[in-house]
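The values are calculated or read from the model by the stated rules, or taken from the named source; none is laboratory data. All values reported here derive from a predicted model rather than from experimental measurement. FYI the Cβ positions are ideal-geometry reconstructions off the backbone, even for glycines, and counts take in every protein chain you see.
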Amino acid sequence: MTQPMLVERVGLGRSVVAQRVAELETAGLVEGAGLGPSSGGRASRQLRLRGDRGRILGVDIAATELVVGLADLSGTLLATRQQAIDVADGPEPVLSLAEKLADELIGAAAAPIWAIGVGVPGPVEFRSGLPVVPPIMPGWDRYPIRDRFSARYGAPASELLRRPRDVALAQQHVQRDEQVQVEVDQQAIDGHAPTIGMGDESQ
């Protein structure tokens, strides 16, 4: 992606986009990835997200199965754990098992957890992210799943989804401070690390 394309996509001015990219470089979140193809002017400088700077935790709770996955910031799925469950057993045994599997995946990794995505097999209230009278989930009604994971791992949890397509995340916005924000989208989670072109602004 060239810088003009990025400017068009995010709807910000060229100088603002250049400043934000510079901030990401200074924070060590992106790095140079060579030069892109030239369209007649100066070749664009490619940037790529440094996936090793953080981890994303995904928890997929189905009626009879639990899958926990760990991905890096580029969307590369690093490892998964899977175990049979009965979601009707209630939140405590199921979530305790999810935390156990997550702890095994995280281990002694130096990279911090930046975001968490959770999916459940039932209806979820959009604003609160709480399950609402899920028909096959006795005992789960308005249980604060998102808050529980956030408190345990010190990272923002995404709104609960109704069975996400991927074990990791559908989309997560991660903000470490007021100036630097990284968006990890579904393309990244599927294993395609996004690249950003940074060339002559006159192109």
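Worth a mention:
- Filtering Pro135, Pro144 for residues that are more than 19 Å from the chain's Cα centre (by Cα), assigned by TED's automatic domain parsing to the domain that holds Thr64 and surrounded by 14 or more Cβ atoms within 10 Å (Cβ to Cβ) leaves a single hit, Pro144.
- Test: residue in segment 35-55 that is part of a strand (DSSP E or B) and closer than 30 Å to Pro123 by Cβ: yes
- Only listed residue being in a loop (DSSP other than H, G, I, E, B), of a type outside the set (Asp, Glu), over 29 Å from Ala22 (Cβ atoms) and at pLDDT below 50, chosen from Val133, Val167: Val167
- Selected residue [at pLDDT below 95 and under 22 Å from Arg152 (Cβ atoms)] from Gly90, Gly107, Gly75: Gly107
- Complete set of residues in segment 110-130 that are outside any strand (DSSP E or B) and more than 17 Å from the chain's Cα centre (by Cα): Ala110, Pro121, Gly122, Pro123, Glu125, Phe126, Arg127, Ser128, Leu130
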